[in-house]
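In what follows, a single structure is set out as structure tokens and then discussed.
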Amino acid sequence: MIWWFKARQAHVCLPLAVLALLVLVMTVQDLHIVLPSFSLTGENKLPLMLFVPIPLLAGLMMCLESRLLAAELTGARRIAVLDLTLSVGTVAVAQVAGAAVGHWYDTVHPEQLGRNTAFLVGLMLCGRALWGQPAAMLPVLWAAAVTMVGFRSPQDPYPWTVIPEASGTWYATTGAALLFLVGLAAQFFTARRVS
């Protein structure tokens, strides 16, 4: 397991990604930004927290793509299970960080961090099964699509957007959980094929 951890560069990439996540969560909290949109109003006031998981996802993708392919193909260890643990652990860290900051500072948006991270990790893992490393851009593209076409009115997102929905929205939480599980399944069943 130590060799897998070092081959994935998780001892370097993940601590930096988690540190970036913590700094962003504590800095951003409930800040909003106004971005252009194709909605009827022409602009949306979005919580900046929607974009906070992206550095963590980039760190996760960098770890998953740091591979010793020949050793993994011929090795006896269950590398796919270890990679699943890395993905689940990343989402768990985001969930704990968001809940802690939300509780500590009494803010709302950090509580959505775990759900949004799970959704975006699932999206990225599904894309990784199909396209490999370029799938690291899928969370960025999703956030851009939500910004541009994801709202009926300034504070009324479409249900498909998931990430701007409020914390207690059942369909956003269900959608995030389902996509995360599908992404984990895609990661597991394509682990030896992805290069």
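Working from Cα pairs under 8 Å separated by at least six residues, relative contact order for the chain is 26 percent.
Packing order of peptides 166-173, 51-58, highest average first: 51-58, 166-173 (average count of other Cβ atoms within 10 Å over each peptide's residues). Note that the chain, at 4 °C in a medium of 1.567 mPa s, gets a Stokes-Einstein diffusion coefficient of 75 µm²/s from its Kirkwood radius over C-alpha pairs. With the charge dipole of the chain set up from +1 on Lys and Arg Cβ and -1 on Asp and Glu Cβ about the Cα centre, the Cα lying farthest toward the positive end among the listed residues THR190, TYR158, MET61 is that of THR190. Under a model in which nothing but the beta-carbon of Lys, Arg (+1) and Asp, Glu (-1) is charged, the range 59-195 shows a dipole of about 520 debye around its Cα centre.
Counted residue by residue at 0.36 nm each, then reduced by the alpha carbon distance between them, the extension gain from ALA20 to HIS32 reaches 2.4 nm. Karplus-derived 3J(HN,Hα) values for the range 7-24, using 6.51 cos²θ - 1.76 cosθ + 1.60 with θ = phi - 60°, are 5, 6, 6, 5, 6, 10, 5, 5, x, 5, 5, 5, 4, 4, 4, 4, 4, 5 Hz; glycine and proline are entered as x.
Calculate what fraction, in whole %, of the accessible area of the range 92-195 sits on carbon and sulfur atoms when a 1.4 Å probe is rolled over the protein chains. The C+S portion of the solvent-accessible surface of the range 92-195 is 71 percent.
Over the chain, accessible surface divided per residue gives 50 Å², non-protein components excluded, 1.4 Å probe. Between PHE188 and ARG152, the C-beta separation translates, for a Förster distance of 45 Å, into a calculated FRET efficiency of about 0.75.
To the nearest 0.05, what FRET efficiency results for LEU181 and ILE2 with a Förster distance of 25 Å applied to their C-beta separation? Efficiency at R0 = 25 Å is approximately 0.30.
Computed extension length for ALA92-LEU48: 13.8 nm, one decimal, from 0.36 nm per residue of separation with the Cα-Cα distance subtracted.
Per the Debye formula on identical point scatterers at the alpha carbon atoms of the range 114-195, with no solvent, log10 I(q)/I(0) at q = 0.11, 0.15, 0.16 Å⁻¹ is -0.30, -0.54, -0.60. Return one number: the angle in degrees, 0 to 90 and rounded to the nearest 10, between the long axis of the Cα atoms of helix 53-65 and the longest principal axis of the Cα atoms of the chain. The angle comes out at about 20 degrees. Peptides 174-184, 122-132, ordered by how many other C-beta atoms sit within 10 Å of their residues on average, highest first, read 122-132, 174-184.
Rolling a 1.4 Å probe across all protein chains gives MET62 an accessible area of roughly 100 Å².
The values are calculated or read from the model by the stated rules, or taken from the named source; none is laboratory data. Computed from a predicted structure; not experimentally measured. Cβ: placed from backbone, ideal geometry, glycine included. Neighbour counts: every protein chain shown. Heavy atoms of the whole protein, side chains included, go into the accessibility calculation; ligands, DNA and RNA do not. Shrake-Rupley method; radii C 1.70, N 1.55, O 1.52, S 1.80 Å.
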